[in-house]
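The values are calculated or read from the model by the stated rules, or taken from the named source; none is laboratory data. From a predicted model like this one, the values you see are computed outputs, not experimental measurements. Note that each Cβ is placed from the backbone with ideal geometry, even for glycine, and that neighbours are counted across all protein chains shown. The area values use the complete protein model at the heavy-atom level, side chains included, leaving out ligands, DNA and RNA. Shrake-Rupley method; radii C 1.70, N 1.55, O 1.52, S 1.80 Å.
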Amino acid sequence: MSETPQPADLIVFGGTGDLSMRKLLPALYHADRDGRLAPETRVIAMSRGGLDDADFRGKVDAEVRGSVPVDDLDTWQRFLGRLHHVTVDIAGQDPTGWARLAGMLGGYEHRDRVFYLASPPMTFGPFCREAHRAGLVTPASRVVLEKPLGRDLSSALRINDEVGAIFEERQIYRIDHYLGKETVQNLLVLRFANAFLEPIWNSLWIDHVQITVAETVGTPGRRGYYDHAGALRDMVQNHLLQLLCLVAMEPPSRNDRESIRDEKVKVLQSLRAVTGGEVDRFTVRGQYTAGESGGVRVPGYLDEPDNTAPTENSRRVETFAAIRAEVKNWRWAGVPFYLRTGKRMPNRCSEIVVQFKDVPHSIFPGSTPNRLVLRLQPSEGIQLNIMAKEPGAGEVALKPVPLSLSFAETFTGRVPEAYERLLLDVLTGNPTLFMRRDEVEAAWRWIDPILDEWDSQGTPPEPYPAGTAGPAAAHELVGRSGRVWHEEGHA
Ligand code: BG6
């Protein structure tokens, strides 16, 4: 965990929105409760909401208190006391908000100042310009950009240029909250603090890799965002590709801010492009229809409750995506990386499955290849399936048995939420777990041709009933080479 931060001002643009109320404020409260925020640290929410400090504190008291452990009212009150609200219109028509913010920040230029942009990507450039115009960007300032950074390569380049015109790259923190998850960091430790895996971590020993992020939730109330995003932009371009990078990267020479990111970007640049006619062969997109999820009847994507009606975009947007990717380098040539993510899947499950090759020559019938499963969600753990003999006389009968590490059973302390870890990293100025400009752009460079092809086809995604594991084509994607998705095989 990071060292205790110095006094800081954290300014959250979009500070009354969903992300702020569900993730950022609970994470900050936990950090405060653990004594990880300096006493003078302030959290200043910016929104168009017209709230004063007392209104905002009341809103947080009503909406956040129930979701965090408040065992001591003084600590909760101390946390509320850090909160402020400034009403600002990003279009700049009303300069009073910026002036008020400047008044609050005046005299504290020596403090770490963090602008957290929990807002749509098209606001990033305008926000930075306005903050600069108001004289708020100090050398000790940092800016955090929420994903998705743009909606394709050209918009990402534009946003990076706009933000880069005000902030230096060292001040820009592009967040991907998956990098703050414990198991994701553990993947680096597993790979680079243990010697036994490295000799077999390559195409000689590994048959293929599966990366799945399956969610049971749908998208009620998110049409405005989701219709223009879809699973490829919302999950694959960032979370799944970051996981792929951590599995595939070369060992970095140091655990510092640039070495890990240098190795990750090389993986993204080595991805084999999927273009034109290959898109149909190597990708699958689906959209959920009505079905049953967790024993409850749920509507299809187009009928999700929302305050806007479905449009043509709604009909074409994918809530499920699967891709067969390949990393073209010496270590991985020929090893498929299957990526898959979807809403309204049967179970919430995020995992990385490394499937090893079978023994070169089997003297026992019924042996199956070893498999390493890194579970991110719901219960974090690592499992290695090995073959063992079933006890008994007579014929040797084999059975795959798991060597398991459950984090909850092995480590009893509280596991911090991804946002907590990452917020503390921003406050202490550690960008290692944030995406660098070249990483984001390399990811879009690979995603863009797939998006273009899907767009040009103009056909709707394949339907799949809510509560099922995606469209049939997803099974064919792996099945063509005689493989199966993890949950369809055995444990
Ligand atoms: C977000 C996506 O980045 O990640 C959401 O925008 C998704 O659509 C969420 O539900 C999943 O995060 P987690 O941590 O719950 O797996």
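Residue-by-condition table, conditions (1) modelled with pLDDT of 95 or more; (2) charged (D, E, K, R); (3) farther than 21 Å from MET21 by Cα; (4) in contact with a His (Cβ under 6 Å, 6 or more places away or on another chain):
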| residue | (1), (2), (3), (4) |
| --- | --- |
| SER67 | no, no, no, no |
| ALA91 | no, no, yes, no |
| VAL143 | yes, no, no, no |
| PRO148 | no, no, no, no |
| SER155 | yes, no, yes, no |
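The residue that is nearest to PRO431 (Cα to Cα), counting only those in the range 216-260 that are open to solvent by 30 Å² or more (accessible area, probe 1.4 Å) and among the charged types (D, E, K, R), is ARG257. Kindly indicate whether THR428 is out of contact with any strand residue (DSSP E or B) (no Cβ under 9 Å at 6 or more places or on another chain) and open to solvent by 10 Å² or more (accessible area, probe 1.4 Å). Considered against the rule, which asks whether it is out of contact with any strand residue (DSSP E or B) (no Cβ under 9 Å at 6 or more places or on another chain) and open to solvent by 10 Å² or more (accessible area, probe 1.4 Å), THR428 comes out as no. Across the range 41-57, the number of residues qualifying as modelled with pLDDT of 95 or more and surrounded by 14 or more Cβ atoms within 10 Å (Cβ to Cβ) comes to 9. Just one of (1) among the hydrophobic types (A, V, I, L, M, F, W, C); (2) closer than 22 Å to THR428 by Cα; (3) buried (at least 19 other Cβ atoms within 10 Å of the Cβ); (4) touching a Pro at 6+ places or on another chain (Cβ under 9 Å) fails for ALA38. It is (3). Residues of the range 212-227 that are within 7 Å of the ligand (Cβ to nearest atom) and in a strand (DSSP E or B): VAL213 alone. Right, ARG285: within 16 Å of the ligand (Cβ to nearest atom), open to solvent by 10 Å² or more (accessible area, probe 1.4 Å), closer than 27 Å to SER456 by Cβ and part of a strand (DSSP E or B) or not? So ARG285 fits the description; yes. Test PRO126 against the stated conditions and say whether it is within 16 Å of the ligand (Cβ to nearest atom) and open to solvent by 10 Å² or more (accessible area, probe 1.4 Å). No, not satisfied. Scanning the range 243-255 turns up no residue that is in contact with a Cys (Cβ under 7 Å, 6 or more places away or on another chain), assigned by TED's automatic domain parsing to the domain that holds ARG344 and at pLDDT 95 or above. Filtering the range 12-27 to residues that are in a helix (DSSP H, G or I) and either open to solvent by less than 10 Å² (accessible area, probe 1.4 Å) or in contact (Cβ under 8 Å) with a residue 12 or more places away in the chain (or both) leaves LEU19, SER20, MET21, ARG22, LYS23, LEU24, LEU25, PRO26, ALA27. Scanning the range 391-440 for residues that are closer than 30 Å to ILE363 by Cβ and polar (S, T, N, Q) returns a single hit, SER404. With the condition kept exactly as written, say whether any residue in the range 350-360 is within 28 Å of HIS228 (Cα to Cα), open to solvent by 30 Å² or more (accessible area, probe 1.4 Å) and either outside any loop (DSSP other than H, G, I, E, B) or within 16 Å of the ligand (Cβ to nearest atom) (or both). Within the range 350-360, not a single residue is within 28 Å of HIS228 (Cα to Cα), open to solvent by 30 Å² or more (accessible area, probe 1.4 Å) and either outside any loop (DSSP other than H, G, I, E, B) or within 16 Å of the ligand (Cβ to nearest atom) (or both).
Restricting attention to the range 119-146, report how many residues are on the phi > 0 side of the Ramachandran plot and either among the acidic types (Asp, Glu) or in contact (Cβ under 8 Å) with a residue 60 or more places away in the chain (or both). Matching residues across the range 119-146 total 0. Where helices (runs of 4 or more DSSP H) sit wholly within the range 378-491, those with at least 2 residues that are over 30 Å from ALA156 (Cα atoms) occupy 407-410, 472-479.
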